[in-house]
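The values are calculated or read from the model by the stated rules, or taken from the named source; none is laboratory data. No experiment lies behind these values; they were computed from the predicted model shown. Methodologically, a virtual Cβ is constructed for each residue, glycine included, from the backbone with ideal geometry; neighbour enumeration extends over all protein chains shown. What goes into the accessible areas is simple: the full protein's heavy atoms, side chains included, and nothing from ligands, DNA or RNA. Shrake-Rupley method; radii C 1.70, N 1.55, O 1.52, S 1.80 Å.
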Amino acid sequence: MSPSLLARLARGRGLDLVALTDHNSALNCPAFEEACRREGIAALFGIEANSVEEVHVLCLFGSVADALDFGSGLRALLAPLPYDPEKLGDQVVVDADEGVVELVDRYLGASLDIGFGDLCEDAAARGAIVIPAHVDRPMFSVSSQLGFLPTGPYDAVESMREPPAALTLGLAAVSGSDAHYPEHVCRRPFAAELPDGALVEGGAPLLEALREALRAGRVRPSWAAPP
Amino acid sequence: MRISELAASLGLEVAQGSYADREVSAGYSSDLLSDVMANAKADAVLVTVQAHKNAVAVASLVGLAAVVVCNSRPLPDDMVEAARSEGLALFKSPETAFEVSGRLWTMLRRP
């Protein structure tokens, strides 16, 4: 799924804000920013990072530059698994018009040589919104890989269904699409109360407005009934 | 030793039995899929507790002969279905990964 298709589907299906979080990479964020600008939808830029224990964590940034910067640090930590396009399909970086800019030759789904705790600390220190991903999934989650959610600098947790208290540590739980394919864009969206103008302003102010909403619990996941 | 002989000797429960019954080269024990991708060899048997369809995807990518899920972990339907469509031998054992790996070692590696 290209960044431009994601932006188009997100807007078409009624989202007000959408984040791109490729596995271990922010290389498609420049195209995503341009595509979201064309569609007129607010965007955040992120990475779904994969720790050495194979726990997925969402790291969201307000600017493409911050996301790229974080991503380039991760690149050095990526396990050197060669990428076989014959078996896995092409792994591409594209522009906003779906032109191929680069073929990445390392498998981006591999784990990073950094523990979950250090990964979250590093992302938080760089100003990211840090959200352990799909905490209730039987794979690639804190519950499947660690057995519990250790304390850490999280702003929220993301879950498929309403998570048990042990997997939230009192933080807000949000839902998310985890969309790997076009048909999954906009499934399980969550609502957030943001101040007027935050979506239009975008960037760091939007990131901080979302962080505040998450921290204050002014969010409603897809499993919760509307007020 | 062929996959079916090995499964019989280990007393494994067959979860997906439609596969080409080929020679097994070695065993590999791991619960980290990145590690399996990086280090397991083709035609090996994977001993793991990872009971989900991504384990099957990695097994086909590496060309593993079979996957043994330990500790009687329940196998989700989509995992068994994925194994069937890949023609991958998928087994279950009530034993721990340590026990299965130990017995596998004596069968495949013991001089």
Test: residue in the range A:29-44 that is closer than 18 Å to A:ILE129 by Cβ and open to solvent by 30 Å² or more (accessible area, probe 1.4 Å): yes
Selection within the range A:34-73 - part of a loop (DSSP other than H, G, I, E, B) and under 16 Å from the mean Cα position of the chain (by Cα): A:SER51, A:GLU54, A:VAL55, A:GLY62, A:SER63
Restricting the range A:16-55 to residues that are within 14 Å of another protein chain (Cβ to nearest Cβ) and β-branched (Val, Ile, Thr), the residue that is farthest from A:LEU207 (Cα to Cα): A:VAL52
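In the range A:128-149, what count of residues is obtained for those that are more than 13 Å from chain B (Cβ to nearest Cβ) and open to solvent by 30 Å² or more (accessible area, probe 1.4 Å)? Walk me through how you get there before you give the answer.
Here is the first cut: in the range A:128-149, the ones more than 13 Å from chain B (Cβ to nearest Cβ) are A:128-133, A:135-136, A:142, A:148-149.
Applying the additional criterion that residues be open to solvent by 30 Å² or more (accessible area, probe 1.4 Å) yields A:136, A:148.
Matching residues across the range A:128-149 total 2.
Return yes or no: is B:ARG2 within 26 Å of A:SER141 (Cα to Cα) and of a type in the set (Lys, Arg)?
Numbers: within 26 Å of A:SER141 (Cα to Cα): no; of a type in the set (Lys, Arg): yes.
No, not satisfied.
Could you count how many residues in the range A:150-167 are open to solvent by less than 40 Å² (accessible area, probe 1.4 Å) and under 16 Å from A:SER222 (Cα atoms)? Step through it out loud before you land on a result.
At the first step, the residues of the range A:150-167 found to be open to solvent by less than 40 Å² (accessible area, probe 1.4 Å) are A:150, A:152-159, A:163, A:167.
Next, only the ones that are under 16 Å from A:SER222 (Cα atoms) stay: A:156-159, A:163.
Number of matching residues: 5.
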Positions within the range A:19-33 being outside any helix (DSSP H, G or I) and in contact (Cβ under 8 Å) with a residue 60 or more places away in the chain, in sequence order: A:ASP22, A:HIS23, A:ASN24, A:SER25, A:LEU27, A:ASN28
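Going by what's in this entry, would A:ARG8 be described as out of contact with any Asp or Glu (no Cβ under 9 Å at 6 or more places or on another chain), open to solvent by 50 Å² or more (accessible area, probe 1.4 Å) and of a type in the set (Lys, Arg)?
Working: out of contact with any Asp or Glu (no Cβ under 9 Å at 6 or more places or on another chain): no; open to solvent by 50 Å² or more (accessible area, probe 1.4 Å): yes; of a type in the set (Lys, Arg): yes.
It is false that A:ARG8 is out of contact with any Asp or Glu (no Cβ under 9 Å at 6 or more places or on another chain), open to solvent by 50 Å² or more (accessible area, probe 1.4 Å) and of a type in the set (Lys, Arg).
Which of the residues that make up the range A:74-86 are in a helix (DSSP H, G or I) and either within 13 Å of chain B (Cβ to nearest Cβ) or acidic (Asp, Glu) (or both)?
Taking the range A:74-86 as the starting set, the residues that turn out to be in a helix (DSSP H, G or I) are A:74-75, A:85-86.
Across the range A:74-86, the qualifying residues are A:PRO85, A:GLU86.
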Residues of the range A:87-127 satisfying the condition of being within 14 Å of chain B (Cβ to nearest Cβ) and open to solvent by 60 Å² or more (accessible area, probe 1.4 Å): A:LYS87, A:LEU88, A:ARG106, A:ASP113
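Which fully enclosed helices (runs of 4 or more DSSP H) of chain B have 3 or more residues being open to solvent by less than 20 Å² (accessible area, probe 1.4 Å), more than 24 Å from A:GLU53 (Cα to Cα) and modelled with pLDDT of 95 or more? Walk me through it before giving the result.
Values: elements: B:3-10, B:33-39, B:53-62, B:77-86, B:97-108.
Counting at least 3 such residues, we get B:3-10.
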Sole exception among (1) under 19 Å from A:ALA10 (Cβ atoms); (2) open to solvent by less than 60 Å² (accessible area, probe 1.4 Å); (3) not in a loop (DSSP other than H, G, I, E, B) for A:ARG188, by number: (3)
In the range A:87-113, the residues that are assigned to a loop (DSSP other than H, G, I, E, B), out of contact with any strand residue (DSSP E or B) (no Cβ under 9 Å at 6 or more places or on another chain) and at pLDDT below 95: A:GLY89
